[in-house]
Amino acid sequence: MKKTLSRFIRCTTLVIAALAASGCGAPAGNDGTLKVGLIVELTGDMPAVGTSSRNAARLAVDELNSAGGLEVDGRPYRIELVIEDNSAKADQSAAVTNKLINQDQVLAIVGPNASLGAIPAAEIAESSRTLLITPWSTNPKTTLDTRSGKPKNYVFRACFTDPFEGQVLARFVSESLDAKSAAVLYDVASEAPKSQAELFRQTFEQLGGKILAFETYTTGDRDFSAQLTKIKSVNPDVVFLPAYYNDVGLIAQQARRHGIHQPLIGSDAWSSPELIRLAEGAVEGAYFANHYATDIATPVAQRFIAAYEQRYGTVPDDVAALTYDAMGLLFEALRGAATPERQAVRDAMAAIAGYDGVTGDIRFTPGSGDPVKSAVIMQVKGDKFAWMMNAAP
Amino acid sequence: MNPDTIYWLQQLLNALQLGSIYALIALGYSMVYGILTMINFAHGDVFMIGAFCCLLAATALGLPFAPTLLLTMAGTALLGVVIERLAYKPLRNAPRVSAIITALGVGLFLQNATLALSPYPKAMPPLLDNLTWQFAGISVSSLQLIVICLSLGLMLVLDHVVHRTPVGMAMRAIAWDKTLVPLMGIPVNLIISITFAIGAGLAGAAGTMYSLAYPVIDPQMGIMVGWKAFIAAVVGGIGNIRGAMIGAFILGGVEIMVVALLPSTYRDFIVFSLLLLLVIIRPQGILGQAREQKV
Amino acid sequence: MNTRLWRHWEWLLDRPWLLPALLAGGLVLAFAIPQYQLFNNYIQLILMYIGINIILTVSLNLVNGYMGEFSLAHAGFMAVGAYTSALLTMEVLPVGTYPSLFPVALLAGGAATAVLGLAVALSSFRVRGDYLAIITLAFLMIVKSAIENVDAIGGPRGLPGIPRLTTLPWVFFWTVTLVWLVRNFVYSHYGRGILSIREDEIASDLMSVDTRRVKIFAFMLSSFCAGIAGGLFAHLLQFISPRVFDIVKTTEILIMVYLGGIASIGGSIIGATLYTLLLEVLRPSTMASLLSWLPAPIFDPLYEYFIRHLGVLRMVIMPLALVLVMLYWPRGIMGMREFRGFVPRRDRAAHHALDTPAESPHGTADRH
């Protein structure tokens, strides 16, 4: 027993000492590299999100480095990307944010994507005075100081927020589709769909529409027959499905089988091209909100889509596009920084007025980490997403 | 028919389908569970591997339904035997809970290894024509009927194997007493391997049918399904194959009916509260016999 | 190590003042580390995670290891403690002006959790073994679903903006106190009752062990500790959501318990520490800098084919390690054994006999 105890104490001390010693690096090494952190959900329950995000970030960094890197304060630098997995968990998010900031000494962080991890990470970035740009966290609380209600100083995002999306879609359904009634089906255990569903209901009712069914399921469910039977019995004009695309594939197929032929309405989480294959034709004609339109893409977006497709063999989804933009914003901030130091990078980020990204024109109002972006409404046509209209903020 | 009747008939059909899907998974679970009293936490993940096997067979090899199903079952049966030999057999004389935790580890390993290879959800090609018929407003699909019939059929076959064949008798003997049985010339290792092969093969069949009924598969698909099979097997009565079937139908029925009657937001809350009550009222499971405790 | 040094070491381990001295040293360190930044915030956070995980593991071991039940509700208990104490510090207690009220919030969270633990204990009178596992699983799901449905506490969006009150000294204090509580409980009159329930509940009833009372105490103490750990966790992350406390969290705690070893407080400490540290050491950049002393011809291919992919492979290696540990030590690293310092003096002789077990196929924990 004594042996075990002594061995245990020695090993633990050794490992902690090694951990502590392993952190030795400066954000701007003398070798002309700048360290940038990336937190993604590679394992856990949303590996598709994390993988897309990592792929896009690697692409952005490699493109920049092969084009000669960037200049800060008149000196050329290459970017070194430190990628950490947070398992889509809050506690691991906090751990890796601390690790990137204190151990790897990164200049700034991109990620995490899911709000579950982004909120604790944002708290740490704020208190450690390090810039954090989340590509995909749509929860309004991520960029806000909950206590004072004021925006955080060091936290930015590349996407629009859930309330905005819910409102845009409600207005679209009510005004453009002229729908008088709607049914909603969403994942009760997931944060973004819940916010989108509630804001949709609120706006839609303000516009004079009626919500006939407000149904939920739980993450991991594959059978939606009970909810769909209920929705069918109230016969709404449209069905709103703010859900992640792998769920949508199943919901849409089952809805058609249950004889629901009304238009389906979706959120930005639909925008993976995989959806069309997963749904096997059941989403034909459906509308959804997106960050950008692939078919009328700007030259920036077209270049990104082509490069991504060539390297990874798939069309990028919304997470990939937003991560690419978050990286682009960060590079822009680095170029504008007076010195390669954290505070200077954050100040340069706050000074960015507009950025022409893959997901459109990203503008920040001074003093806020939320961009003013317009959404686009897309329609599924054949095996493509087709642009329908723009929805200004 | 009036709309109310149609609504309830449709929900009843939904419940039957969900119940039979759960039953398909719970049968294999209950099999291993009954013979070895081992909570096989890896079952849900073997089921997931089954779905991926089926995808590979259907897309890479381009096989039609019947060979795909057989190949998948063979693959998972082999996997089950390998897992048993490598991970569970050395622990046969260890405390029961060691094997349970090992199973948990094996399950996590399978899940994360699959995730490392394929992080994106995959679409399962339709191997069977899924026809939908409308009877007076009630929609019935061919797949629904196949799944319901298959789970009933498998239950009967399993019941027969366990209660009417020599192998089944040996299995029950092992469940009864592990020390005495080898002395009577029963090849314990072989019988346990067969048990695992059958259990894992059934998981493969369930994975195939499940991914045809819900044709989007991902590495996480086995988690909740595994827990629900565990619930069905225990609620029905541990080690009782018919009980597992009934447990699965109760679970599926309650899940559907709670949504049909009440706001679906409270589904999990109500379903698990009912489950809790059921277990407290009938602590030995529905078909389980109250075991006399030896003093 | 050479024999002479080893003897000194043994002598040291036998001193009665060793444990108090270690604790005092730990306490000083717990204050000194954040004060003088001996370690950076990351290492400090990991140390705090280790402390919280030790509380969770030791308390679950009380029910799953010592009493031989199979409870799956621990993450749910943690959630109740976390939400109760977080709501108290955010809405009720003026912790902004009086940070010393933090333990009050934690204790309240622990008490609320203990009430829930009582409910589980009451159902355990009727139900045992796998049926109790189902009941605890249902408890976990009910807690999660209940939180999801209360919009006032954020529902699935969670509760952000919890003040950061958890510090290294607090974690150290609660870890030591709660481990000490559990240890005293285990070696008390009741503790023997718990062990007797694991061996044979009916026999212990006949031997006039008040099994119901013992169970109530064990479940309540276990859930109380989980509640405190939840409170510490919430005030460390500053954000909680029902997803944080799902079945995966329970699985994690289960792994720590059985990795360390059933019915062993020392084992639980080892299990929690090992698991938490391993998760961090297996990160690509950490692994790379730990192995950077290797010569380039070995390091470069190793990096290219293995270390670079650890982001994903980490979660493949962890369960594999668990399986290997279970195969070599079926009862966990310290299963049924204990650090000598944790065993009361009067029990040491008896305990030493347990250390060198004559394993029979029907070992003690075999039948439950």
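Every read-out reported here was derived from the displayed coordinates using simple, explicitly stated rules and does not represent laboratory data. What you are looking at is a predicted structure, and each value in this text was computed from that prediction instead of being measured. All Cβ positions, even for glycine, are placed from backbone atoms using ideal geometry, and neighbour counts span all protein chains on display.
Identify, from the list C:Ile135, C:Ile202, C:Ile216, C:Ile197, the residue that is among the aliphatic types (A, V, I, L, M), over 30 Å from C:Gly96 (Cβ atoms) and surrounded by fewer than 18 Cβ atoms within 10 Å (Cβ to Cβ).
C:Ile202
Only one of B:Leu86, B:Leu55, B:Leu71, B:Leu9 is under 16 Å from B:Gly222 (Cβ atoms) and either in contact (Cβ under 8 Å) with a residue 12 or more places away in the chain or not in a loop (DSSP other than H, G, I, E, B) (or both); which?
Answer to the check: B:Leu55.
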Number of the condition not met by A:Ser233 [criteria: (1) assigned to a helix (DSSP H, G or I); (2) crowded, with 22+ Cβ neighbours inside 10 Å]: (2)
Residue that is touching a Ser or Thr at 6+ places or on another chain (Cβ under 6 Å) and under 23 Å from A:Lys381 (Cα atoms), where the choices are A:Asp325, A:Asp318: A:Asp318
Filter result (of a type outside the set (Lys, Arg) and more than 10 Å from chain B (Cβ to nearest Cβ)) within segment A:31-54: A:Asp31, A:Gly32, A:Thr33, A:Leu34, A:Val36, A:Gly37, A:Leu38, A:Ile39, A:Val40, A:Ser53
Leading residue by the ranking (farthest from C:Tyr131 (Cα to Cα)) among those in segment C:64-110 that are among the hydrophobic types (A, V, I, L, M, F, W, C) and assigned to a loop (DSSP other than H, G, I, E, B): C:Val95
Test: residue in segment C:41-57 that is touching a residue at least 60 places away in the same chain (Cβ under 8 Å), polar (S, T, N, Q), surrounded by fewer than 24 Cβ atoms within 10 Å (Cβ to Cβ) and touching a Leu at 6+ places or on another chain (Cβ under 9 Å): yes
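Of everything in segment A:105-130 that's touching a residue at least 40 places away in the same chain (Cβ under 8 Å) and surrounded by fewer than 24 Cβ atoms within 10 Å (Cβ to Cβ), which residue is nearest to the other protein chains (Cβ to nearest Cβ)?
The extreme case among them is A:Gln105.
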Qualifying residues in segment B:85-100 (those that are more than 9 Å from every other protein chain (Cβ to nearest Cβ) and touching a Ser or Thr at 6+ places or on another chain (Cβ under 8 Å)) - the one nearest to C:Val248 (Cα to Cα): B:Tyr88
Residues located in segment B:129-139, provided they are surrounded by fewer than 17 Cβ atoms within 10 Å (Cβ to Cβ) and either among the β-branched types (Val, Ile, Thr) or under 22 Å from the mean Cα position of the chain (by Cα) (or both): B:Thr132
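Residues are listed down the side, and each one gets a yes or a no for (1) more than 12 Å from chain A (Cβ to nearest Cβ); (2) crowded, with 21+ Cβ neighbours inside 10 Å; (3) in a helix (DSSP H, G or I):
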residue	(1), (2), (3)
B:Gly199	yes, yes, yes
B:Leu202	yes, yes, yes
B:Gly207	yes, yes, yes
B:Trp227	no, no, yes
B:Ile231	yes, yes, yes
B:Gly239	yes, yes, no
B:Glu255	no, yes, yes
Subset of segment B:258-269 (residues that are more than 8 Å from chain A (Cβ to nearest Cβ) and touching a residue at least 60 places away in the same chain (Cβ under 8 Å)): none
Segment A:353-381 residues that are at positive phi, paired with ones that are polar (S, T, N, Q) and assigned to a loop (DSSP other than H, G, I, E, B) (beta carbon under 9 Å, 6 or more apart): A:Gly360/A:Thr298; A:Gly360/A:Ser374; A:Gly367/A:Asn153
Test for C:Thr250: is it within 14 Å of another protein chain (Cβ to nearest Cβ) and under 16 Å from the mean Cα position of the chain (by Cα): yes
Selection from segment A:62-76 of residues that are surrounded by fewer than 21 Cβ atoms within 10 Å (Cβ to Cβ) and outside any loop (DSSP other than H, G, I, E, B): A:Asp62, A:Glu63, A:Leu64, A:Asn65, A:Ser66, A:Leu70, A:Glu71, A:Arg75, A:Pro76
Residue in segment B:277-288 that is among the small types (Gly, Ala, Ser), outside any helix (DSSP H, G or I) and either under 30 Å from B:Ser118 (Cβ atoms) or facing another protein chain (nearest Cβ under 8 Å) (or both) present: yes
Hits in segment C:255-278 (condition: free of Cβ contacts under 8 Å to residues at least 60 places away in the same chain and surrounded by fewer than 21 Cβ atoms within 10 Å (Cβ to Cβ)): C:Leu278
Any hit, segment C:277-296, residues being more than 10 Å from chain A (Cβ to nearest Cβ), small (Gly, Ala, Ser) and under 22 Å from C:Ala138 (Cα atoms): no
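Right, A:Leu185: assigned to a strand (DSSP E or B), over 30 Å from A:Ser233 (Cβ atoms) and touching a residue at least 24 places away in the same chain (Cβ under 8 Å) or not?
no
A quick yes/no check of all residues on (1) more than 23 Å from A:Ala255 (Cα to Cα); (2) within 14 Å of chain C (Cβ to nearest Cβ); (3) not in a helix (DSSP H, G or I):
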{"residue": "B:Thr102", "(1), (2), (3)": "yes, yes, no"}
{"residue": "B:Gly107", "(1), (2), (3)": "yes, yes, no"}
{"residue": "B:Leu110", "(1), (2), (3)": "yes, yes, no"}
{"residue": "B:Leu115", "(1), (2), (3)": "yes, yes, no"}
{"residue": "B:Leu127", "(1), (2), (3)": "no, no, yes"}
{"residue": "B:Asn130", "(1), (2), (3)": "no, no, yes"}
{"residue": "B:Gln134", "(1), (2), (3)": "no, no, yes"}
{"residue": "B:Val140", "(1), (2), (3)": "no, no, yes"}
{"residue": "B:Leu143", "(1), (2), (3)": "no, no, no"}
Segment C:127-142 residues that are at the interface with chain B (Cβ under 7 Å from one of its Cβ atoms), paired with ones that are of a type in the set (Gly, Ala, Ser) (beta carbon under 7 Å, 6 or more apart): C:Ile135/C:Ser123; C:Ile142/B:Ser273
Answer from A:Ser137, A:Ser148 - the residue that is outside any helix (DSSP H, G or I) and away from chain C (no Cβ under 11 Å): A:Ser137
Only listed residue being of a type in the set (Phe, Trp, Tyr) and surrounded by fewer than 18 Cβ atoms within 10 Å (Cβ to Cβ), chosen from C:Phe185, C:Phe173: C:Phe173
Of all residues making up segment A:373-393, the number that are touching a Cys at 6+ places or on another chain (Cβ under 9 Å) and part of a strand (DSSP E or B): 0
One residue from B:Val82, B:Val157 being surrounded by fewer than 17 Cβ atoms within 10 Å (Cβ to Cβ), more than 14 Å from chain C (Cβ to nearest Cβ) and of a type in the set (Val, Ile, Thr): B:Val157
First in segment A:216-233 and more than 8 Å from chain B (Cβ to nearest Cβ), second anywhere and assigned to a helix (DSSP H, G or I) and surrounded by 24 or more Cβ atoms within 10 Å (Cβ to Cβ), Cβ under 7 Å, 6 or more apart: A:Phe224/A:Ile251; A:Leu228/A:Ala255
Members of segment C:1-29 that are under 19 Å from A:Phe8 (Cβ atoms) and of a type in the set (Gly, Ala, Ser): C:Ala21, C:Gly25, C:Gly26
